[in-house]
Amino acid sequence: MNFELTGGTAYPMAVIHMNNGEVVNLERGAMAYSRNVDIKGKMNNNGKSGLGGLMSAIGRSITSGESMFITEATANANHAELGVAPSSIGKIMKLEVGYEQYRLNTGAYLASDPSVHYNMVRQDISKAFFGGTGGLFVMETSGTGDILIASFGDIVELTVEPGQPLTVDNEHVLAWSDNLNYKIRIASGMFGFTSGEGIVNEFNGSGKVLIQTRNVRNLADDIQRFIPSKSS
């Protein structure tokens, strides 16, 4: 994917450069502008057709909370442009998918080559019980190509090495290498919530974890304090 970032570090937009016939898939509603690009919505069914495709799109929507539809952008001339912007204030990063595959937290996906797919993979019950990554399912990439992810805040890449587990607050996890083992738990045992940390992900093995520097749940809680209640 040939793109450049514009708009500064706090409010970035990815400008994707395309030639005639090239296709980019993007999150529904992510397009900011286009030149010589045809835009159409399609079922978010990972290429399946018929009833199977419909059920796949419905299932992905129920299990992950994402839309049943995705936007397909096709260049109708050379030197076409597509401006893609995330809904949150944060950073955009490209992941090269192929040799390494990733699992994505809900809301991380922004755009990708048509040769890259993301599937809903079932978690075990212990992970789903506490997880914020799609409940019983997480998003897992497949195929070969580029994928753009977006964060709330900046993106920091952390390395996990054998015998040195990494613990990350659940709301800060953005994406991680799919070969990593992970478990979700309360930060400090039975009384973990008293520390204010809540749910954390513990990663083991060899790979990398991408985290976002801001926590959207904390922001929501801060805003809630200033919203008058009905009783007041």
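Listed values, structure above:
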| read-out | value |
| --- | --- |
| Potential lengthening between Glu96 and Asp154 on full extension [0.36 nm per residue; Cα-Cα distance subtracted] | 19.0 nm |
| Environment charge of Leu82, counting only residues whose C-beta is closer than 15 Å and scoring Lys/Arg +1, Asp/Glu -1 | -4 |
| Rounded FRET efficiency, nearest 0.05, which uses the C-beta distance separating Asn76 from Asn204 and R0 of 45 Å | 0.40 |
| Radius 13 Å from Cβ of Ser177, net charge of other residues (Lys, Arg +1; Asp, Glu -1) | -4 |
| Phe69 accessible area, 1.4 Å probe, all protein chains in place, Å² to nearest 10 | 90 |
| Where labels lie 7 Å past Cα in the beta-carbon direction, separation of Lys40 and Asn181 in nm | 4.7 |
| Net +/- balance of residues flanking Val97 in space, Cβ distance below 12 Å, scoring K and R +1, D and E -1 | -4 |
| Too-long pairs where the Cα-Cα distance tops 29 Å, listed order kept, from Lys183/Lys230; Lys42/Lys208; Lys40/Lys208; Lys40/Lys94; Lys42/Lys183 | Lys183/Lys230; Lys42/Lys208; Lys40/Lys208; Lys42/Lys183 |
| Exposure rank, largest accessible area first [Glu96, Glu157; 1.4 Å] | Glu96, Glu157 |
| Order by protection proxy (mean Cβ within 10 Å, highest first), peptides 12-22, 161-171 | 12-22, 161-171 |
| Extension gain from Gln224 to Glu140, taking 0.36 nm per residue of separation minus the Cα-Cα distance | 27.0 nm |
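The values are calculated or read from the model by the stated rules, or taken from the named source; none is laboratory data. Keep in mind that what you see is a predicted model, and the values were worked out from it rather than measured. For neighbour counting, all protein chains shown are included, and Cβ atoms are generated from backbone atoms with ideal geometry for every residue, glycine included. Just so you know, the surface numbers come from the protein's heavy atoms only, side chains and all, with ligands and any DNA or RNA stripped out. Shrake-Rupley method; radii C 1.70, N 1.55, O 1.52, S 1.80 Å.
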